[in-house]
Structure formats: structure tokens, C-alpha cells
Amino acid sequence: PFLDAEELERFVGHRGVVVVDARPGRAYRRGHVPGAVHLEWTELVEGVGGPARGVQDSSFEAMAELLGGRGLTVEDWVIVVGDPLEYWGEEGRIAWALTLLGQRRVSVLDGGWSTWLKEGRPVQRGRVVLPPAVYRPAVDEAVLARKEDVQDFSRAATEWSHVLVDVREPAEFRGAPDA
């Protein structure tokens, strides 16, 4: 699922390959992989305030409409670019959401934008708009852990059939308010 900058550069502009830049808008506007469309993880979640911040949007149709509007189809190979040195893992969240929606092939640029720049790869500025497409999700519930699933995994922790990994910041893990 990971590819290096050299591999990505070979596929830029190929039919059926869509590069998605997952960094915040201001970073995207400063420069991105040529041809990359912009998509932030927050566009795929329900409401940004309240106790359910960051919860995956329960309307798969709404997410499909958004993705189609950005020019993606489930048949495309989507390569997601983030910046693990500057941000918190937005590329992983988008790659997971695409997998949930049944995206047939999803990859992540290893080392992200920082590596792309460090290696002197080409940079494009300005917003990229692809022609709208029809995104037909084929939701894969197997990659979605619901509250009950997590509770079941926790109770069966000694069986080691499942491993739960908590990737939150330390303050979030401790339950600090507004972490």
C-alpha cells in the first residue's frame, strides 16, 4: 500500500490514477504533487463540534457524492499524500475511508510531502479540478469497528485474536478535555 516518491512520479498523469493531497488547504495551495486534487479528512466526517467530533460520516452516499465531485471513481488507483512530519496522519484516515467505501486500490506516499520536496520532485501550485465522476461505493463493513466490536475485542484481549491499537495523542488517551 506504500510507494516511494520515484514510483509516484512515474504514475502522475496516468489514466485511472488519482493523486489526493490530504494536507490542510493552505499547505495544498502552497504546492502539491502535479495533478493532485485536494481532500481533507474533515470533509468525510459528521459535524466538527460536539462529542462526536471526527466520527465517520454515516451517509456513504454523501461521501460518494463528495468523492465523485472531486473526480474519483472506485475503479481508480488513488494515491494519498499527507505530511507525517507536519501533521497527524490525515493520509491514513483518508486511505481508510476510501477502503471502507470499497476503493479497489489505495496507496499512500511513503514519507509524504516532505519526502517529495526533499527529493526535488516537481511541484504544482493552484487548485486542480478533475471532471466530476460517478463514485459507486461498495461499502466494506469488515474494516469498520463499531463500539460493540471494540468492547468485544477488549473483553477478549487475553485471546490475542484481535489487537486494539489506540493512535490518539497522549492527552486524548488520558481523556483530557478538548485534547
Notebook entry, point to check: Local charge sum around ALA138 (other residues, Cβ-Cβ under 15 Å, Lys/Arg +1, Asp/Glu -1)?
Noted result: -2
Next item on the list: Please report, as a whole percent, how much of the solvent-accessible surface of the chain comes from carbon and sulfur atoms (probe radius 1.4 Å).
Entry: 53 percent
Next item on the list: Would you compute the Debye intensity of the chain from its alpha-carbon atoms alone, equal scatterers and no solvent, and pass along log10 I(q)/I(0) at q = 0.14, 0.15, 0.17 Å⁻¹ to two decimals?
Entry: -0.82, -0.93, -1.15
Notebook entry, point to check: Using the heavy atoms of the protein chains alone and a 1.4 angstrom probe, what is the accessible area of the chain per residue in square angstrom?
Noted result: 60 Å²
Checklist line | Per-residue ³J(HN,Hα) for segment 144-152, Karplus 6.51 cos²θ - 1.76 cosθ + 1.60, θ = phi - 60°, Hz, x for Gly and Pro | finding: 10, 9, 8, 3, 5, 4, 5, 4, 4
Checklist line | Candidates per trypsin sites (Lys or Arg not before Pro) in segment 134-179, loop by DSSP, up to 12 other Cβ within 10 Å | finding: ARG146, ARG168
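The values are calculated or read from the model by the stated rules, or taken from the named source; none is laboratory data. What you are looking at is a predicted structure, and each value in this text was computed from that prediction instead of being measured. Don't worry about glycine lacking a Cβ; one is built from the backbone with ideal geometry, like all the others, and counts go over all protein chains shown. Accessible surface is based on the protein model in full, side chains and every heavy atom, while ligands, DNA and RNA are left aside. Shrake-Rupley method; radii C 1.70, N 1.55, O 1.52, S 1.80 Å.
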